[in-house]
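Below: the structure, in structure tokens.
The values are calculated or read from the model by the stated rules, or taken from the named source; none is laboratory data. Everything numeric in this text was worked out from a predicted model, so none of it was measured. Glycine gets a Cβ as well: all are built from the backbone with ideal geometry, and neighbour counts include every protein chain shown.
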Amino acid sequence: MQKPAIFLGALALSTAFAMPLAAQDEPSVDTVVATVNGTEITLGHLIVARATLPEQYQQLPDEVLFTGILDQLVQQAALADTYEGDLPPRVTLSLENESRSLKAGEVLEKIMGQSISDEALQAAYDAQYTDAEAETEYNASHILVESEEEANALVEELEGGADFATLAREKSTGPSGPGGGSLGWFGKGMMVPSFEQAVIALEAGAISAPVETQFGWHVIRLNEVRQTEAPTLESVREELEQQIRQEIVQQTINEVTEAADVDRSGAEGIDPSILKNLEWLE
């Protein structure tokens with residue numbers, strides 16, 4: 001299969017020999033920075049090449065990247081000029097796939113860039129939050145131990161006036177132990193059923209009897225209960241805008257695909273495992 005061009009070597013050399021760039025008068029993407037056997041390499045080609053580099057390479061100094069990328073494109077152009085004969089199927093097919101993908105991506109990019117009207121935003125907010133019922137959230141702490149006997153002993157200590165957070169730091173085997181056993185706020189469905197049921201049955205400030213889960217035995221204290229309120233439109237504006245754009249994108253994909261003259265009959269009866277047959281592309 002086709003291998004990507006090696007960029008590391010060019011960067012290593014350019015790190016040693018890179019020189020400051022000479023000032024240019026108002027360069028543009030069409031500015032020709034080099035020619036190879038008459039083939040032009042423009043500033044736009046370099047910009048696109050840089051954007052496709054892995055993140056760690058994009059952190060290199062600009063002058064190093066400029067020289068390294070230009071060297072790579074010059075070398076690629078020189079090598080490409082030496083190619084003779086027809087391109088192998090893997091290259092031709094890759095170019096067709098890439099062209100198709102880039103064009104489709106441009107269509108979707110334009111859709112995602114469209115502004116969302118206030119009316120559409122309000123409608124999305126109303127649909128998601130206006131009739132939403134308030135949910136109960138719980139703030140609880142727990143002490144996790146291995147046996148029921150240990151849990152019962154903890155309950156006795158707590159009923160005798162021991163400090164919950166201190167006991168949690170001293171005896172809890174759970175990750176919340178160093179923090180005094182605090183689990184913070186959580187809603188229904190976020191804890192295992194037996195633990196959740198024990199929390200719901202408690203009054204604020206109360207301590208549970210030992211509760212068993214797959215993690216061990218818990219002694220739970222319910223610290224506080226609150227009812228959640230619907231967020232303001234402004235606080236979820238970006239989330240809703242993204243949601244609306246994604247819905248528009250999916251709707252567009254469906255409509256365009258349904259309107260296209262599509263014939264999939266050629267795919268009938270083909271064994272899907274044939275996709276592994278890479279030797280056909282050689």
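Consider Ala230 carefully, then state whether it is hydrophobic (A, V, I, L, M, F, W, C), at pLDDT below 95 and not in a helix (DSSP H, G or I). Spelling it out, Ala230 is indeed hydrophobic (A, V, I, L, M, F, W, C), at pLDDT below 95 and not in a helix (DSSP H, G or I). When the residues of segment 72-94 are filtered to those that are within 17 Å of Glu282 (Cβ to Cβ) and surrounded by 11 or more Cβ atoms within 10 Å (Cβ to Cβ), the one that is nearest to the chain's Cα centre (by Cα) is Ser94. Got at least one residue in segment 247-257 being exposed (fewer than 10 other Cβ atoms within 10 Å of the Cβ) and assigned to a helix (DSSP H, G or I)? The answer is yes, given that some residue of segment 247-257 is exposed (fewer than 10 other Cβ atoms within 10 Å of the Cβ) and assigned to a helix (DSSP H, G or I).
Taking the conditions exactly as written (in a helix (DSSP H, G or I) and at pLDDT 95 or above), does Asn152 satisfy them or not? Judged against the criteria, Asn152 is a match.
Is it fair to say Val107 is among the β-branched types (Val, Ile, Thr), within 29 Å of the chain's Cα centre (by Cα) and either part of a helix (DSSP H, G or I) or over 29 Å from Glu238 (Cα atoms) (or both)? Criteria met by Val107.
Looking only at segment 207-221, residues that are under 15 Å from Glu146 (Cα atoms) and among the hydroxyl-bearing types (Ser, Thr, Tyr) come to 1 in all. The residue of segment 194-242 that is nearest to the chain's Cα centre (by Cα), among those that are among the basic types (Lys, Arg) and over 19 Å from Phe164 (Cβ atoms), is Arg237. Sort out which residues of segment 113-128 are touching a helix residue (DSSP H, G or I) at 6+ places or on another chain (Cβ under 8 Å) and surrounded by 13 or more Cβ atoms within 10 Å (Cβ to Cβ), and write them in order of number. Correct list: Ile116, Ala120, Leu121, Ala124, Tyr125, Gln128. The C-beta contact set for segment 166-179 (first residue assigned by TED's automatic domain parsing to the domain that holds Ile143, second residue acidic (Asp, Glu) and part of a helix (DSSP H, G or I), distance under 7 angstrom, 6+ apart or interchain) comprises Leu167/Glu157. Just so you know, in segment 121-139 the residues that are touching a residue at least 24 places away in the same chain (Cβ under 8 Å) and not in a helix (DSSP H, G or I) include one that is nearest to Val236 (Cα to Cα), and it is Ala132. Scanning segment 184-220 for residues that are over 28 Å from Glu133 (Cβ atoms), of a type outside the set (A, V, I, L, M) and in contact (Cβ under 8 Å) with a residue 40 or more places away in the chain returns Pro210, Glu212, Phe215, Gly216, Trp217, His218. Counting only helices (runs of 4 or more DSSP H) that sit completely within segment 1-101, zero hold 2 or more residues that are modelled with pLDDT of 95 or more, on the phi > 0 side of the Ramachandran plot and in contact with a helix residue (DSSP H, G or I) (Cβ under 8 Å, 6 or more places away or on another chain). Kindly indicate whether any position in segment 247-254 is closer than 30 Å to Ala204 by Cβ and either outside the structural domain of Trp185 (by TED's automatic domain parsing) or among the acidic types (Asp, Glu) (or both). No, segment 247-254 contains no residue that is closer than 30 Å to Ala204 by Cβ and either outside the structural domain of Trp185 (by TED's automatic domain parsing) or among the acidic types (Asp, Glu) (or both).
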